[in-house]
Structures are given as structure tokens and as C-alpha cells.
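Worksheet: one structure, shown below.
The values are calculated or read from the model by the stated rules, or taken from the named source; none is laboratory data. This one's a predicted model, so the numbers in the text were calculated from it and none came from an experiment. Cβ placement follows ideal geometry from the backbone for every residue including glycine, while neighbour counts extend to all protein chains displayed.
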Amino acid sequence: MTRHEATYYAQRTMFTPDHELYRSSVARFIADKIAPFHAKWEEDGLVPREIWRAAGEAGLLLPGIPETYGGGGGDFLHSAIVVEEIARALVTGVTGFTTHSENVAPYLLEFGTEAQKAEFLPKMASGEVVGSLAMTEPGAGSDLKAIRTSAVKVDGGYRLNGQKTFITNGYHADRVLVFAKTNPAAGARGISLFWVNATAQGFSRGRLLDKVGQKAQDTAELFFDDVFVPDDMLVGERNAGFGYAMSGLVRERLLIAMRCATALEVALEWTLTHVKQRRAFDKSLIENQFIRFKLAEIKTHSCATRAFVDSCLAQYLDGTLTVDGAAMAKFWASEATRAIDDLMQFFGGYGYMREYPIARAYTDVRPNRIYGGSSEIMREVIARAL
Ligand SMILES: Cc1cc2nc3c(=O)[nH]c(=O)nc-3n(C[C@H](O)[C@H](O)[C@H](O)COP(=O)(O)OP(=O)(O)OC[C@H]3O[C@@H](n4cnc5c(N)ncnc54)[C@H](O)[C@@H]3O)c2cc1C
């Protein structure tokens, strides 16, 4: 049956009524506890530490981690919902919730010891412990195997030396999952993961980095000066860290793709509202063929993006999403957000004012083409599997 009157949206059939209930509670928490304060936090350059506790209490942290470890006990769709609702409300100051819940915690769950999981996952779920993930260094980003931070074996543990940069949650982090070389001669096969205590002697943070957008998200440099990490804070097998990173990136890239699909949808909605209301030359902006054709094009791209990303999400749920599939989802969806530049144009001068969400979308959605593997690296990953 065709519905002539209705507006087309890519159908989403995976989310159950229970998921939608969870979505409502996440959206409500964001609307009440985050959105009204976000502009102030952008001025401060970071969110207050207490918001982590509140988010933990409201069930926004570690939604997909089993309840036995203090998590929400949900599935990957619960994780997707938090990512999507943060994107929908454009509260990019808490992008780090995703790093914490969906990048850091899964490493511990999958590769950590029982003691590490029992001690840290409940604290991460409550917001008592904030986690961050430190791969990138001043001299190595795309090329993870080129990192230079070293972890040298000593009696009872390791000594870490090196520097990390662009680390999300870097300022608030209580614990950092650090990628370091345990066998520098072995390249990719000489990298290990350490769960480093931010109060350890020799650990320090640099300044909050002044980013183009995502102004309320703390992003920092981290320094390791002979930091002692006890043996029981090695995560997973020694020298197996590169393989762990590659498996973690499938999940991370899919989540970035979902974030971008949502960001494009909402940016289009704001724009449609604007061009229907705003008048120039005695007619509303949408009555101009150039603008309506451009919006028709973007709407089509947005729906195609959602459909493709959801099909990758379905594959992830049944365990069949490949590395190149996740790379395509991230590549396609993050590149599709280039359309936000065109959407911003239709706001005229208002589009350049940060009080308008479209202006913040322009700056805050941009890094999705860079982190989690840049678009160039995505092309490389996809090309390798051709
Ligand atoms: C806001 C933000 C938050 C971040 N959060 C984190 C975090 O929490 N933890 C973390 O570890 N990192 C984080 N990063 C770092 C991010 O993952 C890296 O910036 C990214 O991987 C790129 O690395 P790079 O900056 O060193 O660029 P480079 O690797 O130096 O690359 C520079 C350019 O060259 C291109 N390039 C590189 N190699 C190739 C190639 N073989 N072929 C073609 N082109 C190539 C790249 O695509 C890029 O365009 C964050 C970055 C940003 C901007």
C-alpha cells in the first residue's frame, strides 16, 4: 500500500517498545539535565564532573554491559539509543559518555580479568570512575603501530613513558586505557593495553585543547613519566593490543555512523522548519526551486544513509558485520554530513551564529570524519577487502 499523504522516512524495525521507552527516558534526561546548561558548559570548556554521576543514576552509562557488572543489562540497541539521543539534542559535551560506555568498558568486559571487571565496571556504570581511551600520540594517529609510548617490564609491573594527545574525557578521566609498546621491535605485535590510574605518580594532564567545536567536551593531552602500572592492570594478553583495537573499531565506527545519520536527520529538520518560515522576496525560502531541490537531494541522502547504517546495525546484532562493512558505514554516514554545510547556508547570517544549532552542528559534527579512523583510512580499509 502506498501512503500518498505521508512524508517518507527510512523505516526502523529493530527497536522494540522497550527500547523506545528507554529512548524516552534518555531523551528526558538530556532535555532536563544537560541541554539547558550546555551553552554555559561550552563557555567553561567542559561539563561538570557531577553530570557523570547523574547520568549513571539515570542509566545512561554502560547501558549494554551486563547487570552482574553494574551495567544496564541491555543490548547494542540500548547503546545505539544513547548515541542517537546525544546526537539528536546536539549535546556534544557528553560525546565522552560514548567513549566511556562503548569504547572503554567493552575492552574491559571482553579482555579484562574477572577482578578488573568486578572492580571497575560497576564504578564506571555509576559514574564514580570516568574512563578514557588513549591511542593517539603527537607522532602517531592513523598509524597505531607507530606509537612510541613504552611500557617496560619491571618487578611487579611496568613503567610507562610517553605522551598521548586528543584524548576524549582526558580532563575528567580517573582511569585511562593506554596503548603502549611492550615490544617495540615487533611493530603491531608489540602493543599492550594498560588500565592506568590517573592518580599514579608520574601521570599528568596537559591543558584542555581548544577545539573548533565540541566546546564542552574535555579533550586533553596526557603525559606518562615513569608511571608504575602493576601487573594486574594489564588488560588482556601482553602484545595483543593491536588486534583488540581492530576488533573494537568495528563497534566504534558503527556507533559513529549512527551518530552521523541522526545528526544529518535533525539538521535537515531544523532547516525545513526555517525555510518554511523565513521569507524573502515575498515568498518563503522553500518556494525557491534551488533550495527545495537541494533539500530534496539531502532528504534522499539522509534516508539512504539511515537505511544503510541500520542494515549494518542489523548485521552487527547478528554478528556478521565485517570490518570493511563498518568502515563503509562510517565513511558513508560521516561524509553525508558534509550536507550540513549546505543546510547552514539556508539560514543566512543566522546560520553562522552559535546560538543556532545548525552552526554548532557545522563545527561539532565535523570530527566524525577524523576520529575512529579518518575517511582516507576508511577508503583504505574498504579497498583492502575489494
Ligand atoms: C575531537 C577529537 C577527539 C579525539 N578523541 C580521541 C580519543 O579519545 N582517543 C584517541 O586515542 N584519539 C582521539 N582522537 C584522535 C583521532 O583518532 C586522530 O586524530 C585520528 O586517528 C587521525 O590521526 P592524526 O590526527 O594523527 O592524523 P594523521 O594520522 O597524521 O593523518 C593526517 C591526515 O593524513 C591522512 N592519512 C594518513 N595516512 C594516510 C594514508 N595511508 N593514506 C591516505 N591518507 C592518509 C589522514 O586521513 C589525515 O587526513 C580524537 C581526535 C579528535 C579531533
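Some observations on this one:
- Scanning the stretch 101-145 for residues that are over 18 Å from the mean Cα position of the chain (by Cα), near the ligand (Cβ under 9 Å from one of its atoms) and assigned to a helix (DSSP H, G or I) turns up just one, Leu144.
- Residue count for the stretch 361-386 satisfying the condition of being part of a helix (DSSP H, G or I), farther than 23 Å from Ile286 by Cβ and away from the ligand (no atom under 12 Å from the Cβ): 1.
- Qualifying positions in the stretch 141-165 - aliphatic (A, V, I, L, M) and buried (at least 17 other Cβ atoms within 10 Å of the Cβ): Leu144, Ile147, Ala151, Leu160
- Considering Ser334, Ser375, the condition of being modelled with pLDDT of 95 or more, among the small types (Gly, Ala, Ser) and buried (at least 23 other Cβ atoms within 10 Å of the Cβ) is satisfied by Ser334 alone.
- Leading residue by the ranking (farthest from Ala146 (Cα to Cα)) among those in the stretch 167-226 that are modelled with pLDDT of 95 or more, of a type in the set (D, E, K, R) and more than 20 Å from the chain's Cα centre (by Cα): Arg205
- Members of the stretch 1-18 found to be loosely packed, with under 10 Cβ neighbours inside 10 Å, of a type outside the set (Ser, Thr, Tyr) and modelled with pLDDT under 85, listed by number: Met1, Arg3, His4, Glu5, Ala6
One line per residue, one yes/no per condition, for (1) within 12 Å of the ligand (Cβ to nearest atom); (2) part of a helix (DSSP H, G or I); (3) of a type outside the set (A, V, I, L, M); (4) within 20 Å of Arg366 (Cα to Cα):
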site	(1), (2), (3), (4)
Phe224	no, no, yes, no
Asp232	no, yes, yes, no
Arg251	no, yes, yes, yes
Cys260	no, yes, yes, yes
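- Candidates Arg28, Arg23 - the one that is at pLDDT 95 or above, of a type in the set (Lys, Arg), surrounded by 15 or more Cβ atoms within 10 Å (Cβ to Cβ) and not in a loop (DSSP other than H, G, I, E, B): Arg23
- Selection count where residues are among the hydrophobic types (A, V, I, L, M, F, W, C), assigned to a strand (DSSP E or B) and either within 11 Å of the ligand (Cβ to nearest atom) or surrounded by 18 or more Cβ atoms within 10 Å (Cβ to Cβ) (or both), scope the stretch 166-221: 14
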